[in-house]
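The values are calculated or read from the model by the stated rules, or taken from the named source; none is laboratory data. If you're wondering where the values come from, they're calculated on a predicted model, not measured in any experiment. Counting neighbours? That spans all protein chains shown, and the Cβs are built from the backbone with ideal geometry, glycine included.
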């Protein structure tokens with residue numbers, strides 16, 4: 001028929017509903033098609049990858065939240081702003097020596113040693129980042145002790161760390177994803193041999209987000225793993241909706257303090273567990289109620305919650321099943337849970353293992369820039385103080401996040 005566009009391939013109905021919800025609607029041969037974008041095999045492959053990585057939200061509120069977390073960078077974060085080379089950036093580009101904190105073998109924090117190497121060179125598709133700040137996560141000290149040696153093997157000397165913020169100073173051949181002068185925050189894939197406890201880092205497939213020129217590097221470096229864990233636990237695992245009651249354990253911690261804020265943005269009623277000294281801090285994050293777990297068991301102080309976000313594990317997770325409504329869910333990030341005790345009580349449990357996601361990370365950066373999300377950095381350490389930082393992190397009870405400043 002004249003004027004009718006031909007599709008480049010046949011679209012089957014099950015695939016179609018996912019496409020029309022993502023691309024807009026219009027009429028075409030009794031189906032509904034995108035109005036402005038012609039469907040091609042390339043776009044379909046991209047859509048399928050996004051659907052696999054980010055499950056489709058189930059409510060209007062969740063769709064709105066997803067849109068907010070995948071918004072383009074705010075207008076103030078233009079390419080011109082993020083790529084502008086400052087005098088500091090130029091001095092970074094002239095550096096020839098890299099400083100890094102190396103681990104020679106699995107063991108105590110005292111093994112962490114600052115060494116110097118020539119600045120690495122990027123390969124094809126890679127870039128070198130001059131790191132301004134590196135986030136410290138609880139998993140870092142667990143890796144240091146050898147708890148994940150099966151995943152890492154024997155990669156010594158090892159440089160720990162997954163979270164970073166900095167400026168790209170060099171790019172390799174055939175590199176189109178990164179630009180010299182671009183200021184970014186990012187998270188490496190799990191089990192990197194050369195991590196972020198360094199002044200320079202080579203990146204290729206890291207999940208990254210562009211930063212505004214005025215964002216504090218320490219705040220940006222503290223965000224990726226903790227922020228993505230909180231978001232994926234709430235939206236993808238627990239599928240929290242407006243009006244639900246959410247209990248957050250360790251609400252003053254790195255993941256916990258971001259979980260409280262994101263749950264409030266989703267419209268949930270939030271109860272947080274914390275020590276007496278952190279109660280005011282958690283209330284300031286927006287929690288509707290704060291439970292002091294040191295006075296009496298939390299399961300005696302709260303009940304009928306729809307979801308529990310557990311940052312502790314062990315007995316805390318097991319006791320959490322008792323405070324859930326029938327059909328409720330407890331999401332943990334401490335260790336893979338045994339589903340049997342939960343099923344016996346008519347509730348569910350799952351584990352969130354953070355997935356690096358550039359779109360979600362960019363959205364989190366935007367929320368921080370807009371003042372809707374606050375990242376609390378309790379202490380900043382120099383590279384030479386990495387051992388002291390690990391000792392504090394390993395003791396627990398850190399409010400917010402710790403950061404290294406190379």
Selection from segment 270-324 of residues in contact (Cβ under 8 Å) with a residue 60 or more places away in the chain and more than 16 Å from residue 397 (Cα to Cα) yields 285, 305, 306, 307, 308, 309, 320, 323
Within segment 388-406, the residues that are buried (at least 18 other Cβ atoms within 10 Å of the Cβ) and over 18 Å from residue 220 (Cβ atoms) are 390, 392, 393, 398, 399
Exactly one of 252, 218, 206, 213 is within 17 Å of residue 378 (Cβ to Cβ), assigned by TED's automatic domain parsing to the domain that holds residue 133 and in contact (Cβ under 8 Å) with a residue 40 or more places away in the chain, and that residue is 218
Suppose the filter is closer than 30 Å to residue 111 by Cα and touching a helix residue (DSSP H, G or I) at 6+ places or on another chain (Cβ under 9 Å); does residue 240 pass it? no
Being surrounded by 21 or more Cβ atoms within 10 Å (Cβ to Cβ), in contact (Cβ under 8 Å) with a residue 24 or more places away in the chain and in contact with a strand residue (DSSP E or B) (Cβ under 9 Å, 6 or more places away or on another chain) narrows 367, 361, 345 down to just 361
Only one of 166, 135, 161 is within 12 Å of residue 100 (Cα to Cα), at pLDDT 95 or above and surrounded by 14 or more Cβ atoms within 10 Å (Cβ to Cβ), namely 161
*Within segment 314-327, is even one residue under 21 Å from the mean Cα position of the chain (by Cα) and under 15 Å from residue 248 (Cα atoms)?*
no
Report yes if residue 145 is free of Cβ contacts under 8 Å to residues at least 40 places away in the same chain and in contact with a strand residue (DSSP E or B) (Cβ under 6 Å, 6 or more places away or on another chain), otherwise no. no
Inside segment 235-272, the number of residues satisfying the requirement of being under 20 Å from residue 304 (Cα atoms) and under 12 Å from the mean Cα position of the chain (by Cα) is 1
Could we say that residue 229 is within 21 Å of residue 355 (Cβ to Cβ) and not assigned by TED's automatic domain parsing to the domain that holds residue 103 here?
yes
